[in-house]
Each structure stands twice: as C-alpha cells, then as structure tokens.
C-alpha cells in the first residue's frame, strides 16, 4: 500500500468514526420533536431512497430467492428491531452512555456466532465478556441509583443484541453487494418501523424546528449514507480486523460530542464502566490473532449500521 493510499484510508477511518460518533447525538435531537419510531422510519426511508438511486446508477441487480430473503432479514434485524430499540433508549439515555453500551456489538456478535456454531469459544472471548459484563454492571448500578431508567439501558442492550444477530444471521445466506444489501435492508427496516410507529400511535409529521431538520438531515446524509460509503473505503484497503477498531473509537467521539452539544454529564458510570466495556471488546474480539472476521463480516456483506451498530 502506498503512503498516499494509507493516508486516504486513515482519513476515511477518522471520518467514519467522527460521523458515526455524531449519530447518537443526532437521534437525541430528533427525539425531542419526533416520536422515536417515526423519526427512525423517516431517517431510513430517506437513506434507502438514496441507496436505491446509487444502486440504479451502479446498475446493480436486485437479488433473488435466498439472497433477497437474507437482505430482508438483515433489514428486519439490523434496521428495524435494532434501531427501534436504540431510538427508544435514547429518549432517556444520553448519547455517550448509550453508545458505550452499543459498543458491545462486536463481542455480542462473537458470542452469538459461538451459539450458532460459526465460531469457537476462546479464553480471550471469555475474558473479554467478563470485562464487558463488569462495565455493563456498573452502568446498570448507575441506573438503579440515579435518573437513568433501567428500561432504557435494557433497550440499548437489546439493540446491540439485534445488531449482532443480524451480523450472524446474514452469513447463512448468499453474498449480496453491500450497496444492495443496505438499500434493501433499509427499505424493509423503514417499512417495519412505519408499521411499529402506527401501532404505537405516533404522530406522523415533518419537523417544525430547524434544529430537528438539521438532525434528520445529518442522520440521513452523513450518519447513514456517508458513514456507509466511507467505511467501504476503509474495508477496501485495510483488513477487517483493523477496520473494526472503529467500534472502539466511536463511543469516545460520541461522549465528547454529547458533552459538548447535549450537555451530557460524564458520570462514574461512563468513567468506570466505559473503559471496562471497551477493554472487553478489545480483549475478546479485536485483539484476537486468528484471521477470522467475526464483527465486521456483515459490514463487508451489508455495510457498517449500522451501523448499524453505529446508531
């Protein structure tokens, strides 16, 4: 790899981390005016439209049979279930607090892969899980003694599990181009989020405040399409194991942005529990020497979610 390519890739990695780090803050601002599931549906409807246009421009074909089913399942888990829970969690959780919990996605992916017999359990995975659980325990203790609702923490953890299950489940289906995977997934996810929003009786209205419009525009453009395309650049030039370090950087960015833009207090939960969770992810997943790629295989198939798991 040339020095120029390495610099471009590093810049894409940093940009991915920063833009994805702002997603949690954007969701918090969106939630202040829009009902959570409606806000999520609006975001992914617009992002899906953009990616469908990109599909057409690249002349990518719609997958069929099991490949189409896999993309639809990915959307149901990765965009509908996971982000429904994430948006609901961030009604009460600050973005930094929530993103630290979501950083357990790589570790949860590994553990679910073990359950589904796609991976073998290792001593590093056990150690990392224990570290992360200790960190989560500290955050849970804060919810019991402070203003953070336990239900919101459980929703954030549930979101991480859904993102991880999407990563594992998609491996059982034929590969689909990542642009196509995300376009179909976001379309399915948006449709299910709309259905859930209707069941909850959400108010379907467009933002009236310029601040909310800015948040939604950010989440659609920079936070969804932008993050996805930039992460593809990183994956093109770096091994997935190296690219996956973005999952450790994103929470740090989110905490800083949330403290700056949303006045998030940096309490003992984040100071003590956050490093334990991130350390557990590093020991359990990122530090592994095997050439397997448990945490970002779904990204190479279906792009980052999300972040996914990047809110």
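Bear in mind that the values in this text are calculations on the coordinates, not laboratory data. If you're wondering where the values come from, they're calculated on a predicted model, not measured in any experiment. Counting neighbours? That spans all protein chains shown, and the Cβs are built from the backbone with ideal geometry, glycine included.
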Problem - the chain: most fluctuating residue of 201, 21, 226 per GNM, C-alpha cutoff 10 Å - result: 201
Problem - Estimated 222 nm signal from helices in the chain, with DSSP H stretches of n ≥ 4 weighted -39500 (n - 2.57), rounded to 500 - result: -21500 deg cm²/dmol
Exercise for the section: May I ask you to order 4-17, 157-170, 270-283, 96-109 by the average number of other C-beta atoms within 10 Å around their residues, highest value first? Expected result: 96-109, 157-170, 270-283, 4-17
Problem - For the chain: relative contact order, % (alpha-carbon pairs under 8 angstrom, 6 or more apart) - result: 41
Practice task
Compute the Cα gyration tensor for the chain, then decide on rounded, prolate or oblate, letting a ≥ b ≥ c be the square roots of its eigenvalues: rounded whenever a/c is under 1.5, prolate when a/b is larger than b/c in the other cases, and oblate in all that remain.
Solution key: rounded
